[in-house]
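The values are calculated or read from the model by the stated rules, or taken from the named source; none is laboratory data. Here the structure is a predicted model, which is why all the values come from computation and not from measurement. For neighbour counting, all protein chains shown are included, and Cβ atoms are generated from backbone atoms with ideal geometry for every residue, glycine included. Remember, those area values only see protein heavy atoms, side chains included, never the ligands or the DNA or RNA. Shrake-Rupley method; radii C 1.70, N 1.55, O 1.52, S 1.80 Å.
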Amino acid sequence: MSSAGSSPRFADASQSPANVLQRGFACLSCRRRKLRCDAARPSCQQCIRTNRAGECAYDDGRTLTRTQMLQARIDELEDEVRRYRPTLDDFPASLNPHSLLDVFFERRHQAHLEVHSQRFFLSLTLTTTERNSRRPHPCLLNAMYLLACHFTKPHDSARHEAFFLTKARAALTDALEHSDRLIQFIQASSLICVYLLANGRTLESYYLVCATARFAIGCGLHEIASPVWREAGAAQVPSTFGDGQATGGNGVLAAPFDSIDLGERIMTFWQLWIIDRSISMATSLPPAIGADYLAQTTTCWPPALSEFEMGTVSDLNYSTITQLYDPNASVLPPRTDSIMTLNTKATEIFYQAHELSSLVTRNAIDTNTFSARFQSLVLALSRFHPSVASSQEQGVTRNGQSSSSSGSSSTSRSNSGDGIVRPSTPPIPPRLILSHTLIYATNIVLYSILAQGSEDAYKRCVVAARKAARVIHAANVLQLDLSQLEYLFGPCWTCVAETLIRHSAHIAAADPQAAAIFENDIEVVADALERLSEAFPVLQHKVAYIRQLRGQ
């Protein structure tokens, strides 16, 4: 019974040495902190004393049960997840998602992504009411939006790029949490690596590519030995996929549902390989897919997606990366390699030459090891030549199909026996420009090691540099936008410019007319490098380096 004049909220003072507030009347802040509350309005003394007067609130309704409080917390967390999950509801009003995807697909070669375009756009029409394994995952969509913004630089692009990067990263976490569309998780991570590299965030890109590569290897993408898709129950080739189809070593990935799906997995692995090599050269750090994994890699070189679509792939005439260097490997008859295969082979050979040169510079390699690695690269170049020659004769485009619009010309090996692959005369198919440039740069890097003590090696470097400059002339003839080329042109053109600049200075006094011709080539290469740095700002330091060499 309450005493007269006392607050109805307090028990009889005779029952306690101090007034005790009845259960349920304390403010919410004191309840959470389990503090004694006087229930004063608008703010109790506890909240005033601890500077939390603004947090002092009362629940004047009935007390929530524990189940109700848990449900309220669940609703709160779901709202938070929805806030961070990519949706069109909070898409920047000034941007159009479909336009951004159009931009990305026009320039996706700069990120080495190969997907079936028609299937991708059709999958966008699938329902979003539940997780749909055939619909693009938000992590991939937002990574595509991110690169589209980066390449086109719309108004307020920095804010848009930060927005899509945040969305993509949150969606990557979601994909892993639910083991959802993991191939697209790898593709999206690779795209973000390209974005970070392009903007000079090289250590971030290195960390991400290492994590992504280890995950891809854990999924068994390095062990897809056959490009042929086989339905469940059909006779299988030896593989490590969970159900016998070569798709993923320990069952992390489900089996591919058709030939195109298998083809995209093969493409995804080699996309990651190229990006890993690019970032390794940019950072001078070891690649994520190092020598140990190279020896274990059995994934075949990627045929064109059109071959998977038409069902023309077979186990015949397909090899993998280890056969590029093995002197005992059987030499398969020349075939028209896909652009992805040519670019991957050329990137790998260029990387190995770059690594060998670095070891020599640091005096970190003995004579016997150097000789063996040098000869293995010469062998790789000789094995690469027939495939690039066959592809150029076919005038292939990026999808591996014949293209009359881009022109074609035969490629012949030099009669001088210098081993340099040379297109005869421009124009050459645009999508072959990268593989040609990489191989010319490989010759420069490889023979520069010997150039000081060998006149023949020095001449090989100069000839390769001139040929690389002519490839840029060919690109200009085709009116190609050099800012839309791949990052790898940057390190290639840098070594080309170095060689031309030094040779021009070497002959300037004795033959000023010849030196003037070289100066014209130097100008072309330097201009190309500067234009490429518009898409890849990380290359701006190379632009500055070439200007310094030229005394500008």
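Provide the net charge surrounding residue 285, with neighbours chosen by a C-beta distance below 13 Å and charges set as Lys +1, Arg +1, Asp -1, Glu -1. It would help to have the intermediate numbers written out before the result.
Working: positive: 277; negative: 204, 276, 355.
Surrounding charge for residue 285 is -2.
Provide the net charge surrounding residue 183, with neighbours chosen by a C-beta distance below 10 Å and charges set as Lys +1, Arg +1, Asp -1, Glu -1.
Every neighbour counted, the sum reads 0.
Let me know the charge dipole size of the range 306-376 about its Cα centre in debye, to the nearest 20, where only the beta-carbon of Lys, Arg (+1) and Asp, Glu (-1) is charged. Mind showing how you got there, number by number?
Working: 4 positive and 8 negative charges, 58 e Å.
With Lys and Arg at +1 and Asp and Glu at -1, about 280 debye.
Using a 1.4 Å probe on the protein heavy atoms only, what accessible surface does residue 376 show? Give it in Å² to the nearest 10.
30 Å²
Applying the Karplus parametrisation 6.51 cos²θ - 1.76 cosθ + 1.60 with θ = phi - 60° to the phi angles of the range 45-54, what ³J(HN,Hα) value in whole Hz is obtained for each residue in order, glycine and proline being reported as x?
Once rounded to whole Hz, the list reads 5, 4, 5, 5, 5, 9, 6, 10, 4, x.
Using the Karplus curve 6.51 cos²θ - 1.76 cosθ + 1.60 with θ = phi - 60°, work out ³J(HN,Hα) for each residue of the range 110-118 in order, rounded to whole Hz, and write x for Gly and Pro.
Listing the rounded values in order: 5, 10, 6, 8, 10, 9, 6, 4, 4 Hz.
Averaged per residue, what accessible area in Å² does the range 430-526 show with a 1.4 Å probe, protein chains only?
37 Å²
Ignoring ligands, DNA and RNA, how do 125, 341, 166, 499 rank by accessible area with a 1.4 Å probe, largest first?
Listed by decreasing accessible area, they come as 125, 166, 499, 341.
Can you list residues whose amide H is under 5 Å from residue 319's amide H, if they're 5+ apart or on another chain and H is modeled 1.01 Å from N?
Under 5 Å from the amide H of residue 319 lie the amide H atoms of 301, each far enough along the sequence or on another chain.
Modelled label-to-label distance, residue 121 and residue 322, 7 Å Cα→beta-carbon offset: nm?
It works out to 4.2 nm between the two label points.
Under a crude label model (7 Å from the Cα following the beta-carbon direction), how far is residue 514 from residue 364 in nanometres?
Placing both labels 7 Å along Cα→Cβ, they lie 3.7 nm apart.
With labels modelled as points extended 7 Å from the Cα through the Cβ direction, what inter-label distance (nm, one decimal) is found for residue 459 paired with residue 477?
Between residue 459 and residue 477, the label points sit 2.6 nm apart.
Applying the Karplus parametrisation 6.51 cos²θ - 1.76 cosθ + 1.60 with θ = phi - 60° to the phi angles of the range 462-468, what ³J(HN,Hα) value in whole Hz is obtained for each residue in order, glycine and proline being reported as x?
After applying 6.51 cos²θ - 1.76 cosθ + 1.60, I find 5, 4, 4, 5, 4, 5, 5 Hz.
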